[in-house]
Amino acid sequence: MKILVINCGSSSLKFQLIDSETEEVFAKGLCERIGMDGSQIVYTPAGGEKQTTVSPMPDHTEAVRLVLAALTDAKTGVIKDLSEIDAVGHRLVHGGEKFSASTLINDEVIAAITECNDLAPLHNPANLIGIAACQKLMPTTPQAGVFDTAFHQTMPEKAYLYGIPYEYYQKYKIRRYGFHGTSHSYVSKRCAAIAGKDIKDMKIIVCHLGNGASVSAVQGGKCVDTSMGLTPLEGLIMGTRSGDIDPAIIEFLAHKEGLSIDEIMTILNKKSGMLGLSTISSDSRDIEGASNEGKPEGKRTMEAFSYRVAKYIGAYAAAMNGVDAICFTAGIGENSATIRSMICNNYLGYLGVKLDEDANHKRGEEIAITTADSKTTVYVIPTNEELAIARETAALVK
Ligand code: ADP
């Protein structure tokens, strides 16, 4: 089936047209600066040149219209007619407690997603605009929603409750939700497949280390804990997000610096993490470069980042009372041999992890990076959220 995967942000829209069976990507691209000056669409057909076209996009409907025009363009398009698109799969950020699986989109589903807007005020409204735009331009094409939170809905109460008055959970549903679920689900399944084991018999820890980063504990194929919380701010040190901090820091900073809650949240979301710690960059390549040059700002950031990941691995090995496999994925997890080595060699000896240095330096493939006698196997498994969304969508439409 040909599935158009849409990932709609407040001013951007990423897309891929994928064959859900063969995994072939026919075309992909990105609309940027929607609703602003200088909006442009970047479109890359498979095997073709990347094209960038500046074109006004006052709203997301216009962005979707341009995507469909690019896909059906007589010269560089990859389909003749929109009817070739069997379904649209939307990446949706927050499904709250309402969605524990992907779903076909109808009015009821849209109302339920809208009710989750409070939980993800930046993301959910943008996702809904993307759905509305596709419905307008492709009214007869089925649409599905694949939630970042859904995979984590299997967490037990003890993992998702915070130690705050229970009434706030009852009144506002304040709890751990977790994100990157599509990636954690995809990678844990691939891990079982590569290991040649039934996922039901496995205890897997997935480290999704990208700009946003999270760790999850997957026992018997089900998520039992994850490091992101009510929002994607909790857990690991990320590109620009702080991850875990003492909540009292917020009050302390407010008094010392005369900052409002909103200003502090902006600092924690956009100016912290690797960027804040290093003062250099949010990009791990820059941090690693600085560290290699012996700069203390690079070194301390690398160490704090990898230490936090190792602590979560330890916590989740405890939560599952053991671990069979640890998987690294996403930009940093897939590409940084140094960070993987810092985590495995400095902290995971007690799990019997023995890194295979040659394998650890390979790139771009699904691979075990531990030796044959390593008690716990560590894998690098490139994530593919778009393919996972396409498959979920195809399964719902069939
Ligand atoms: P997101 O999807 O959350 O925006 P990605 O999964 O693309 O993020 O990861 C981005 C991170 O991956 C950046 O910190 C970047 O430095 C890192 N990264 C990407 N390629 C490499 C590489 N070749 N070596 C080291 N780090 C890399």
**Given (1) within 13 Å of the ligand (Cβ to nearest atom); (2) within 25 Å of A150 (Cα to Cα); (3) acidic (D, E), index of the condition E288 fails** = (2)
**Asked** surrounded by 15 or more Cβ atoms within 10 Å (Cβ to Cβ), more than 14 Å from the ligand (Cβ to nearest atom), among the polar types (S, T, N, Q) and in contact (Cβ under 8 Å) with a residue 24 or more places away in the chain: does that describe T376?
**Response** yes
**Asked** If you scan region 103-134, which residues turn out to be out of contact with any helix residue (DSSP H, G or I) (no Cβ under 7 Å at 6 or more places or on another chain) and not in a helix (DSSP H, G or I)?
**Response** N106, A120, P121, L122, H123
**Complete:** Apart from one, (1) surrounded by fewer than 22 Cβ atoms within 10 Å (Cβ to Cβ); (2) more than 15 Å from the chain's Cα centre (by Cα); (3) within 21 Å of R340 (Cα to Cα) all hold for N211; the odd one out is (2)
**Message:** Just the residues that are among the charged types (D, E, K, R) and more than 14 Å from the ligand (Cβ to nearest atom), please, taken from region 259-285.
**Reply:** D262, E263, K271
**Message:** Restricting to region 186-208, give me the number of residues that are more than 16 Å from the ligand (Cβ to nearest atom) and surrounded by 24 or more Cβ atoms within 10 Å (Cβ to Cβ).
**Reply:** 4
**Item:** Residues being surrounded by fewer than 19 Cβ atoms within 10 Å (Cβ to Cβ) and either within 15 Å of the ligand (Cβ to nearest atom) or farther than 21 Å from P121 by Cβ (or both) - total across region 214-230
**Value:** 3
**Item:** Filter result for S341 (within 13 Å of the ligand (Cβ to nearest atom) and closer than 18 Å to V380 by Cα)
**Value:** yes
**Prompt:** Within the set of pairs 6+ apart or on separate chains, which have a first residue in region 251-279 that is in the same structural domain as A304 (by TED's automatic domain parsing) and under 21 Å from K299 (Cα atoms), a second that is assigned to a helix (DSSP H, G or I) and away from the ligand (no atom under 16 Å from the Cβ), and C-beta atoms under 7 Å apart?
**Reply:** L277/R300
**Prompt:** Do the conditions hold for N335, that is, is it within 14 Å of the ligand (Cβ to nearest atom) and closer than 25 Å to S183 by Cα?
**Reply:** yes
**Asked** Condition test on S185, is it in contact with a helix residue (DSSP H, G or I) (Cβ under 8 Å, 6 or more places away or on another chain) and outside the structural domain of E334 (by TED's automatic domain parsing)?
**Response** yes
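The values are calculated or read from the model by the stated rules, or taken from the named source; none is laboratory data. Computed from a predicted structure; not experimentally measured. Every residue, glycine among them, receives a Cβ derived from its backbone with ideal geometry; neighbour counts consider all protein chains shown.
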